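Remarks on the structure that follows.
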C-alpha cells in the first residue's frame, strides 16, 4: 500500500472524534466512491474487553472510516473543518470470525453504494491481514 | 426484457426487501405509503434498483417517481436505451 494520506495526529483534521473514542488512525487511500482506513488496536483501547476489541468498537471504527472519507472530501473541497455526520442506520453487521485483539491492525474499506439527498449508504469491510473480521452496511447523514 | 417481466421482477425484489406481499403492490399505489418508506429506507430503494437493474436514480429524478407505475416506466425507459 502506498504512503498514507493522513495518519497519527493529522487524522484529526478529517474526524471530529477525539480520544478515547477516536477509532481511525490512518487514511490510506481515497477513490471517487470509497476509502481505505486503518487502526492499530492499542492495549488500552476504550473498546477493549479482556484484551479483545469488541463489536461496538468495530462498528465505531467502520463508522469513523466512512466519516474519514466524508471529511477528506470536505477538506479537498476547501471546507475549513470536517462536517459533523450522524449514523442513520447500521444493518447486516456480520462478525466473520474471532474478535481482533490488542496489537492487531485493522484495515477497513468503505464503499459508497448510493447517495440520496444528504444520506449516504456505505458498505464496510474490516480485515486483519487477509482475514475478514466484520462487515456491515451503514447510512450516514451529513 | 418485456415490460411485464420487468414489472414482476421489480415487485418481487421490492416485496422481499421491504417485507410486503407482491399482491400489496399495485401500479397506482404510492410507493412511500405501500412500502412505508422514510428518508433512510428511501436510500435502500435507490440502492436496490441500482444493484438489481443497473439503473441509477438521481436525486432530481426522485420527486417524479411517486407510484409503482412511475417506477416501472422510469426503469423500463432506461433499460430500453
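The values are calculated or read from the model by the stated rules, or taken from the named source; none is laboratory data. What you see is a predicted model; the values in this text were computed from it and never measured. As a convention, Cβ positions derive from the backbone with ideal geometry for all residues, glycine included, and neighbour counts pool all protein chains shown.
Quick notes on this structure:
- Out of A:42, A:29, one residue alone is at pLDDT 95 or above and outside any strand (DSSP E or B). It is A:42.
- Taken over region B:50-76, the residue count meeting the criterion of being part of a helix (DSSP H, G or I), touching a strand residue (DSSP E or B) at 6+ places or on another chain (Cβ under 9 Å) and buried (at least 20 other Cβ atoms within 10 Å of the Cβ) is 1.
- Restricting attention to region B:1-49 and to residues that are touching a strand residue (DSSP E or B) at 6+ places or on another chain (Cβ under 6 Å) and within 22 Å of residue A:138 (Cβ to Cβ), the residue that is surrounded by the fewest Cβ atoms within 10 Å (Cβ to Cβ) turns out to be B:40.
- Selection within region B:44-53: residues that are in contact with a helix residue (DSSP H, G or I) (Cβ under 7 Å, 6 or more places away or on another chain) and within 26 Å of residue A:87 (Cβ to Cβ). The member of this set that is nearest to the other protein chains (Cβ to nearest Cβ) is B:44.
- Candidates A:114, A:65 - the one that is free of Cβ contacts under 8 Å to residues at least 24 places away in the same chain and outside any loop (DSSP other than H, G, I, E, B): A:114
- Residue A:82 more than 14 Å from chain B (Cβ to nearest Cβ), within 21 Å of residue A:16 (Cα to Cα), at pLDDT 95 or above and outside any strand (DSSP E or B): no
- Residue A:132 being away from chain B (no Cβ under 14 Å), assigned to a strand (DSSP E or B) and either surrounded by 16 or more Cβ atoms within 10 Å (Cβ to Cβ) or at pLDDT below 95 (or both): no
- Of all residues making up region A:95-129, the number that are within 14 Å of chain B (Cβ to nearest Cβ), crowded, with 18+ Cβ neighbours inside 10 Å and under 15 Å from the mean Cα position of the chain (by Cα): 5
- Where residue A:73 falls short, out of the listed (1) in a helix (DSSP H, G or I); (2) out of contact with any strand residue (DSSP E or B) (no Cβ under 8 Å at 6 or more places or on another chain); (3) surrounded by fewer than 18 Cβ atoms within 10 Å (Cβ to Cβ): (2)
Residues are listed down the side, and each one gets a yes or a no for (1) in contact with a helix residue (DSSP H, G or I) (Cβ under 8 Å, 6 or more places away or on another chain); (2) under 16 Å from residue B:3 (Cβ atoms); (3) at the interface with another protein chain (Cβ under 9 Å from one of its Cβ atoms):
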| residue | (1), (2), (3) |
| --- | --- |
| B:29 | yes, no, no |
| B:34 | yes, no, no |
| B:42 | yes, no, yes |
| B:55 | yes, yes, no |
| B:65 | yes, no, no |
| B:69 | no, yes, no |
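So that you can scan it fast, the table gives a plain yes or no per residue for (1) under 30 Å from residue B:18 (Cβ atoms); (2) under 11 Å from the mean Cα position of the chain (by Cα); (3) crowded, with 22+ Cβ neighbours inside 10 Å; (4) at pLDDT below 95:
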{"residue": "A:1", "(1), (2), (3), (4)": "no, no, no, yes"}
{"residue": "A:5", "(1), (2), (3), (4)": "no, no, no, no"}
{"residue": "A:8", "(1), (2), (3), (4)": "no, no, no, yes"}
{"residue": "A:47", "(1), (2), (3), (4)": "no, no, no, no"}
{"residue": "A:55", "(1), (2), (3), (4)": "yes, no, no, no"}
{"residue": "A:60", "(1), (2), (3), (4)": "yes, yes, no, no"}
{"residue": "A:63", "(1), (2), (3), (4)": "yes, yes, yes, no"}
{"residue": "A:89", "(1), (2), (3), (4)": "yes, no, no, yes"}
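- If you check A:31, A:141 for being within 23 Å of residue B:46 (Cβ to Cβ), within 14 Å of chain B (Cβ to nearest Cβ) and more than 12 Å from the chain's Cα centre (by Cα), only one passes: A:141.
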